[in-house]
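Here is the structure we will look at.
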Amino acid sequence: MTAGIESGTRWPVIRKDITGFRVRPNLVDYEAACAGFSWDEARRALSGLPGGAGLNIAYEAVDRHAAGGNASRTALRFIQADGSTHSLSFADLAQLSNRFAGVLRSLGIVRGERVFSLLGRTPGLYAAILGTLKNASVFCPLFSAFGPEPIRQRLELGEGRALVTTRALYRKKIAPLRASLPHLDHVLLTDADGNPEPGTLDLELLMGQAAPDGAIAVTLPEDMALLHFTSGTTGTPKGAIHVHDAVTAHYATGSYALDLHPGDIYWCTADPGWVTGISYGVIAPLAHGVTVIVDEEEMDADRWYRILAEQRVTVWYTAPTALRMLMKAGADRAAGHDLSALRFVASVGEPLNPEVVVWGQEALGRPVHDNWWQTETGGIMISNLAAMDIRPGSMGRPLPGVRAALVARDEQDKPIVRDGEAVLVTDPDQVGELALRPGWPSMFRGYLNEEDRYRRCFVGGWYITGDLAKRDADGYYWFVGRGDDMIKSSGHLIGPFEVESSLMEHQAVAGAGAIGVPDPVAGQVVKAFIELRPGWEASEDLRMEIIGFARKRLGTAVAPRLLDFTTALPRTRSGKILRRLLRARELGLPEGDTSTVENPPEPPTPETPPGALA
Ligand code: ATP
Ligand code: MG
């Protein structure tokens, strides 16, 4: 592929020349692809359980490849701390997951019951995910860095009957709260080594005793398969329920939004404790029969470049925080690594700053394709497709099969409904609440035990996402902000993303978070919190300079009036900036649910007095 850069409004449009590129022919014409799409048709790309009896995610992801002549192909390649690798073929994975399903059966864990994991990215995790689905039980991943309280909350809400974890995690995080978890009958240790902790079981031993070739329980498309907790950016995490039919969307979006092709070497950096790490770290790529790279370690710029180069990764799915980290580490880190195998780079989870898209083009040799979705949508909904020109800063366009719209809001910020139908924003570049027409297969079927909260998401025939966006005249969507994060200043509606993105263009700025703080005249004014790049010192001069820089780009109405330096913005463990926490700290309000906070609160440092500049 060659891509040219053409002058656009602010950031140049990245034009795709797709000659010779492995783009699916049906996606070159976006409009025609959308018009010709149906989910029933998409479902035909899957096999279904043998004998026409139902649909099971694990069968689509593993067994059909193992049975269909690809048994020895590598399904998962694990990269260990020292860089050494070990691999599982599709046949290995089929057997391991059969054994895990057998263990659940032997423990009396049945259809619909919840099996949780608290594990790093190790083979046991993948056996547990797929084996649970084969047993018709429901899998729920927990992020292994969670503390005991968030773990307890989720296990309790999800009524987890079994938990798969390690000895160290059990001792530290589960044993102290075991008594308060009446549903948790079985804890399986992946590393018991013949000597499980009291009250736990040796998973390896039980798997050794289970049959490697048990039948997969029959599941129907609408049977519950996965429970995913949201990131908790806006409040208490919700448990989103997903069904086996989700694999239809994972497969289709794997083609459309991630450009997966047979023979690809695919790497998704998201932790399997979150929905991205399951939908696109496990299900979509395996359903396509491609090889998945699993890095057992945490992020590190040099290590990551080495993995991309040495593993000859062709498709890479990552997140803005990770890309910003690489950008911060400097372009020279990428130089010297052969990234020529890399064909497609995509990002999700947070707004992707336009400069990162362009940086990708320079440092990785590929632009970064932003896409948008949520735990609730189960799969990618809006995306920059391989064959589509990229407008840096835009999330792209709705995928075939996805109907998106912007719902108008009234003065109280409530969606407007007339005659039972939501009123839609139709003019280009106007802000509305991003909404989706229900009906795609990976859509959540409820929030576990929160029927009311679920029902409130649907207004006038649409699923309301809680995000605000604009659509330009060509149908590209632009993220404006979460509804709760919007800033209203002197009659302007300001999205924090716009402010943060502009600040990030200043050479000293590594990270930025913007919130509204009350102001007697303007209602609210914008306050920014800044993380500096290495080598920069916080000072009054720098504060003035950055504010001046933002004013030139954004105008005085939108630019921050107040600016503080911080060493670490509060983030969720999945890397999202927690603006609600910035607000609460700024205004001295209770911090609310902090179970998913990455950084502990920090006291102001002497060199960064909270300062105000008008
Ligand atoms: P909670 O719902 O508990 O507050 P959360 O919304 O952060 O947490 P997720 O479902 O993990 O939980 O995240 C989805 C949200 O992440 C989206 O609603 C959106 O706000 C943000 N997001 C995801 N992708 C993008 C993107 N490409 N651009 C901008 N924002 C994005
Ligand atoms: Mg959300």
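The values are calculated or read from the model by the stated rules, or taken from the named source; none is laboratory data. All of these numbers come straight from a predicted model, not from anything done at the bench. Here Cβ is always computed from backbone atoms with ideal geometry, including for glycine, and neighbour counts include all displayed protein chains. What goes into the accessible areas is simple: the full protein's heavy atoms, side chains included, and nothing from ligands, DNA or RNA. Shrake-Rupley method; radii C 1.70, N 1.55, O 1.52, S 1.80 Å.
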### Query
Can you pull out the residues in region 364-390 that are touching a strand residue (DSSP E or B) at 6+ places or on another chain (Cβ under 6 Å), within 16 Å of ligand 2 (Cβ to nearest atom) and among the small types (Gly, Ala, Ser)?
GLY378
### Message
With the requirement that a residue be assigned to a loop (DSSP other than H, G, I, E, B) and hydroxyl-bearing (Ser, Thr, Tyr), what does region 60-92 give you?
### Response
SER72, SER84
### Task
State the number of residues belonging to region 401-428 that are under 27 Å from GLY36 (Cα atoms) and exposed (fewer than 14 other Cβ atoms within 10 Å of the Cβ).
4
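When you scan region 477-561 for strands (runs of 3 or more DSSP E) that lie fully inside it, which ones turn up with 3 or more residues that are within 16 Å of ligand 2 (Cβ to nearest atom) and within 29 Å of ASP389 (Cβ to Cβ)? Walk me through it before giving the result.
On the way: elements: 477-482, 487-489, 492-494, 509-519, 523-532.
Strands (runs of 3 or more DSSP E) meeting the threshold: 477-482.
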### Task
Return the residue satisfying two criteria in turn: it lies in region 343-374 and is open to solvent by 10 Å² or more (accessible area, probe 1.4 Å) and of a type in the set (S, T, N, Q), and of such residues it is farthest from ligand 1 (Cβ to nearest atom).
GLN361
### Task
Would you be able to say whether some residue in region 320-333 is at pLDDT 95 or above and either within 16 Å of ligand 1 (Cβ to nearest atom) or of a type outside the set (Lys, Arg) (or both)?
no
### Task
Determine if region 86-108 includes at least one residue that is out of contact with any helix residue (DSSP H, G or I) (no Cβ under 6 Å at 6 or more places or on another chain), farther than 20 Å from ALA210 by Cα and open to solvent by 10 Å² or more (accessible area, probe 1.4 Å).
yes
### Message
For region 530-546: of the residues being open to solvent by 50 Å² or more (accessible area, probe 1.4 Å) and acidic (Asp, Glu), which is farthest from LEU578 (Cα to Cα)?
### Response
ASP541
### Task
Identify all residues within region 465-476 that are open to solvent by 20 Å² or more (accessible area, probe 1.4 Å) and assigned to a strand (DSSP E or B); write none if there are none.
GLY466, LYS470, ARG471
### Message
Looking at (1) among the basic types (Lys, Arg); (2) at pLDDT below 90; (3) open to solvent by less than 50 Å² (accessible area, probe 1.4 Å); (4) within 30 Å of TYR126 (Cβ to Cβ), which one does LYS16 not meet, given that it meets all the others?
### Response
(4)
### Query
Can you name every residue in region 562-587 that is among the acidic types (Asp, Glu) and either open to solvent by less than 10 Å² (accessible area, probe 1.4 Å) or not in a helix (DSSP H, G or I) (or both)?
ASP564
#### Entry: Residue that is farthest from GLY535 (Cα to Cα) [pool: residues in region 311-339 that are open to solvent by 70 Å² or more (accessible area, probe 1.4 Å) and basic (Lys, Arg)]
ARG312
### Query
Are any residues in region 137-164 assigned to a loop (DSSP other than H, G, I, E, B) and over 14 Å from THR594 (Cα atoms), and if so, which ones?
SER137, PHE143, SER144, GLY158, GLU159
### Message
Quick check on region 195-240: of everything there that is within 16 Å of ligand 1 (Cβ to nearest atom) and of a type in the set (Gly, Ala, Ser), which residue is farthest from ILE57 (Cα to Cα)?
### Response
GLY235
### Query
Quick one: PRO590 ticks every box in (1) open to solvent by 20 Å² or more (accessible area, probe 1.4 Å); (2) assigned to a helix (DSSP H, G or I) bar one, so which box is it?
(2)
### Message
Go through (1) of a type in the set (S, T, N, Q); (2) assigned to a helix (DSSP H, G or I); (3) within 16 Å of ligand 2 (Cβ to nearest atom) for GLN361 and report which single condition fails.
### Response
(3)
### Message
Quick check on region 377-389. Is at least one of its residues away from ligand 1 (no atom under 14 Å from the Cβ), over 21 Å from the mean Cα position of the chain (by Cα) and on the phi > 0 side of the Ramachandran plot?
### Response
no
### Task
Those residues that are among the polar types (S, T, N, Q) and out of contact with any strand residue (DSSP E or B) (no Cβ under 9 Å at 6 or more places or on another chain), I need them from region 234-268; list them, please.
THR236, THR248, SER255
### Task
Would you check if there is a residue in region 585-593 being among the aliphatic types (A, V, I, L, M), closer than 30 Å to GLY239 by Cα and within 30 Å of the chain's Cα centre (by Cα)?
yes
### Query
In region 469-476, is there at least one residue being among the aromatic types (Phe, Trp, Tyr), within 13 Å of ligand 1 (Cβ to nearest atom) and in contact with a Ser or Thr (Cβ under 9 Å, 6 or more places away or on another chain)?
yes
### Query
Is there a residue in region 375-395 that is farther than 21 Å from ALA435 by Cβ, in contact with a Phe, Trp or Tyr (Cβ under 8 Å, 6 or more places away or on another chain) and not in a loop (DSSP other than H, G, I, E, B)?
no
### Query
For region 439-454, what are the residues that are away from ligand 2 (no atom under 16 Å from the Cβ) and open to solvent by 20 Å² or more (accessible area, probe 1.4 Å)?
GLY439, ARG445, ASN449, GLU451, ASP452
### Task
Would you mind telling me which numbered condition in (1) at positive phi; (2) of a type in the set (Gly, Ala, Ser); (3) out of contact with any His (no Cβ under 7 Å at 6 or more places or on another chain) GLY289 fails?
(3)
### Query
Taking the condition within 16 Å of ligand 2 (Cβ to nearest atom) and either without any contact (Cβ under 8 Å) to a residue 60 or more places away in the chain or not aromatic (Phe, Trp, Tyr) (or both), does ALA469 pass?
yes
### Query
Being within 27 Å of GLY379 (Cα to Cα) and open to solvent by 60 Å² or more (accessible area, probe 1.4 Å), is that true of even one residue in region 161-183?
no
